Structures are given as structure tokens and as C-alpha cells.
Amino acid sequence: MSVSSHPMTATARTCSVRRSYPGSPGPSELAGGQLAFSVCVVALLWTLAVPSLLQGQPVTEADRVVAPQTFTPEFADMRFGSDVAIGYQEQPVFLSTAPGIGGVYRGRRTSHGWIFRGLLPEDMWGSTVATRGADEIFGLVEHGSAVGEVWSAGTWHSLFEGIDGAPGALDVFPGVIVVGMPGYGNGAGRVRVFRYNAKFDIWLSDPPLDGELSEGFGTSVALDPGTGFLLVGAPGAGDNGKVQTFAYDGSWIEWVALLPPPEFDSQSGAAFGTSLAVEEDWVAVGAPAANKIFSGIGIPADDVGAVLMYQDDFLTYDFREFFQEMHEGDALGTDVALGSVEGELLLAVGSPGADLGAANTGGVRTFTLGPGETMWTERQHLIASDRGQGDALGTSVDVFERRVVAGAPGWDYCDPGLLCVADVGSVYVFEHVGAIFIDGFETGDLSAWSAP
Ligand SMILES: [Ca+2]
Ligand SMILES: [Ca+2]
């Protein structure tokens, strides 16, 4: 069951995410609506009769975080939340870029709320963030030169500098850092795997892996801890993009390429590989410019986006199923994240172009896969309590255990009596407790929450 906010004139067919999988006779479409009460009275009655389908209900954030400045006009367009990463170091921590004014923030959740530390270098801007285990890293780019650096956010020092492109994607394991530089070579893209050499206390790069033409190779990167493989998204490759896998045997050797299934053959430019996440034996790949796979139900729509699920079966990465939004420009799959706790996998997928009461408020779709299950089930729809036009929630998402963090870099700060400061950006934290996400109503903290 999925729900989307829609004008009062919404019809049932416009209220769902489509689910499709191999052998399926067609998408199952279910209706609901968060603002579309005329539709959703029916849907609510229906869902009450079928409790197992009460899963796409909208839920707002447990916590909303803005960067710690006072919002003077100079902070317009800082776009906090452009990229986010969440982890846990005795307390929940997250990292976010704010590329419009340069820099990177690290927040940690204490009993007194979020406490921030920021790095705002004069001549560089923060480009991407990543965390895993004890490691927290971010990329910086020099103004005007596109030469990059990678820093540790735990210790606030540069790990290595002078890399040959702007870091656009990072992944980290103890002693290994993968850097995607999709703009390298006029957009061909390059990926470097750095390894820490303890003897000389230095990070050394494997020979670079390069893309071709305007593939954008390295737009997304991930190391698969199960196989030891490297996965690299190249959304400009071929007709619709690809994810290339590499096995390591003294050097990186091309393995299989993940491609969209044949349903996507009739379109081009889907940007498959824009985003990428790996957890256990599953890989999620975002294709935010995918057009709706038209089955004769509803109406065609461009750029609804898609998230496509692959499962490793003895190093094969087989396609399993995909999900799409329904409306033109929703851009599902702009970012994806996977997490795992107590045997259940949690998938979060951003749709920054979704219109939930206003244009491009954005939202985040969630799905789970329980122990022994083979098909993903759609769960609650994560939205912002204060959503506004152009906020673009879901531009970035990350998951750690049962916590989802999502960036809305287009969020505007508006205070009565003051002019609005546009595109300051905001970050939302959603808490998954038991089988559901909870919001301010359940936590008893209504300060950053308003029920739709
Ligand atoms: Ca839109
Ligand atoms: Ca805005």
C-alpha cells in the first residue's frame, strides 16, 4: 500500500507506487492519499479491512535538523542536506554537506539535542560524505580546480589530497576508501581505491579505473562486504546506464554488469546507477530519470524514477524486482540506502521531485525484507511535517539500523517579519521502532512535528 499526497481532484490511480517483478502479470495498484480525503475515505475503509496493507501511510520526521547558523541572507543557497550519512558512535551521528557555502557538518544526538561541528574551509567545498562503523569521511573540492581531498570527520584531518577529480561518491571500510570522481575526463569518470599502509602511515591508490565518454563512471560507488567486489555506477553508459562490478585478484578485474531488465529497453536516459546501496546479498540501484513502464493502466509519465533490486546468487547479482513512482518528475531513486537490523533489511529511496501538497516537496519511500522473504514489501512513506515547494526531500538518504536520515536541500527558512532565506536546506531523521516508523506523536515530542 502506498500513499501520495495529491490535490483534492486526485483519482485512485494516481495514488500509488508501482511494483513489478519478473513473471508478474502487471503492477498491483492500490490507492490512498494523505491530502486527498475524497479518495482516501474509501482507501482508509479498505485498508482497515486489510490491515496487512496499511503500510504506505505517510509519517513525518521524529527529528528535524538545521545547520546551526542564524539564518542571515548570506546563508541562502547553502543547501544543507545535499548529501547525508548516518552512523552511531556511542550516540547517533550524521554528516551532511552544505555545498553552497562550502563545508561539511557533523552532528551528534545528545540528551540536549543535536550538537554540531562544522568545517567551513575558505577555498574548498564539501562534495560528499560517508560513514561505516567507526569511520566517518567526507570529500572536499578546491574551488576552480576540481582537485579533491578526502578527510576524516572523526579526527578532522585530511587523509589524502591532490586526487584527480572532485569526489562525488565515497565508500569506506577499515583501511580501504573508494572514491568516485564522475566528472573526471569531461564526465567519463574515474574511481580510485585507496588502501592504508600502516608501515608508512600513508594511503596508497590502486591503479585508477576509468569510464568512457560521458558515462559518469563513479557517480555511485560501493564495496560489497559479502563478495569483496567493487560496484560502480555509470548512469550515462549505454542507453540507460549500468553498474559495473569488479572482482579483486591482485588488481581489479571487470566482473558482471548490472543492467535494467528488458521492460526498460524501449526508453533511454534512465540514469540507472545514479545511486547504489549494498546490504547482505542485496543491491539497490536508483534510476531517477526512468520513465513509467506503461502497462496500459493509468497514464504514461516521464522521469518518475525507479529503484531496481538485485540479489547476489553465487556472484551473479540477479535482477529481482523494481518499484516506480507514478508522476512525471518524481525522480524516485535519486538516492538509495539499505540497512539491516535483527535479520530485517530496510530500504529507503528518495523521490525529491514528488509533489506532496506543493511542487517538489519530495519524500522517501521505504521497503522491508524480513528473514526468509524473497519479495520486498512497501512500508511507510516518509515526509516532512513542514514540507514546502521545492524542498526536495530525498535528494539524499542514508540508513543505519532503524534510523533513516534524508536531506531536503531546497528547504527555505522563513520567519515572520523577516524575508525568507531560500534554499538553506534541512535534514530529517526518521525513527523505525518495532515494525513501523514513529513520529512526534508517538515520541511525545511535538516540537518539530505537525500531523497532516
Ligand atoms: Ca514534481
Ligand atoms: Ca527552496
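What follows draws every value from the coordinates through simple rules; no lab data is involved. Keep in mind it's a predicted model, so treat the numbers as computed, not measured. As a convention, Cβ positions derive from the backbone with ideal geometry for all residues, glycine included, and neighbour counts pool all protein chains shown.
Which of the chymotrypsin sites (Phe, Trp or Tyr not before Pro) across the range 309-390 are loop residues per DSSP, with 10 or fewer other Cβ within 10 Å?
Phe314
Once you place label points 7 Å from the Cα toward the Cβ at Ser295 and Cys414, how far apart are they in nm?
Those two pseudo-labels are separated by 3.9 nm.
Just to check I understand the Karplus step: with θ = phi - 60° and J = 6.51 cos²θ - 1.76 cosθ + 1.60, what whole-Hz values come out for the range 100-111, glycine and proline as x?
Whole-Hz 3J(HN,Hα) from phi for the range 100-111: x, 10, x, x, 9, 10, 10, x, 10, 8, 10, 5.
Mind checking which of Thr361, Gly211, Ala301 is farthest towards the positive end of the range 58-443's charge dipole, using Cβ charges of +1 (Lys, Arg) and -1 (Asp, Glu) about the Cα centre?
Toward the positive end, the furthest listed residue is Thr361.
Report relative contact order for the range 100-240 in percent, whole number only (criteria: Cα-Cα under 8 Å, sequence separation at least 6).
14 percent
Near the amide H of Gly329, under 5 Å away, which other amide H atoms are found, from residues 5 or more places off or on another chain, if H is placed in the peptide plane?
Answer set, sorted by chain and number: Asp302, Asp303, Val304.
Where Lys and Arg each count +1 and Asp and Glu each count -1, what net charge lies around Val364 among other residues with Cβ under 11 Å from its Cβ?
Computed value for this residue: -1.
Which chymotrypsin sites (Phe, Trp or Tyr not before Pro) in the range 72-131 sit in a loop by DSSP (not H, G, I, E or B) and have at most 11 other Cβ atoms within 10 Å of their own Cβ?
Passing sites in the range 72-131 do not exist.
Order by neighbour count: Trp151, Trp282, Trp156, fewest other Cβ atoms within 10 Å first, most last.
Going from least to most buried by this count: Trp156, Trp282, Trp151.
Order by neighbour count: Ser96, Ser275, Ser266, Ser205, fewest other Cβ atoms within 10 Å first, most last.
Ser266, Ser205, Ser275, Ser96
With a 10 Å Cβ neighbour count serving as the proxy for reagent exposure, in which order, fewest first, do Val256, Val349 appear?
Listing Val256, Val349 from fewest to most nearby Cβ atoms yields Val256, Val349.
For Ser266 and Leu213, what is the calculated FRET efficiency with R₀ set at 25 Å and r taken between the beta-carbons, to the nearest 0.05?
Taking R0 as 25 Å, the efficiency between Ser266 and Leu213 is 0.65.
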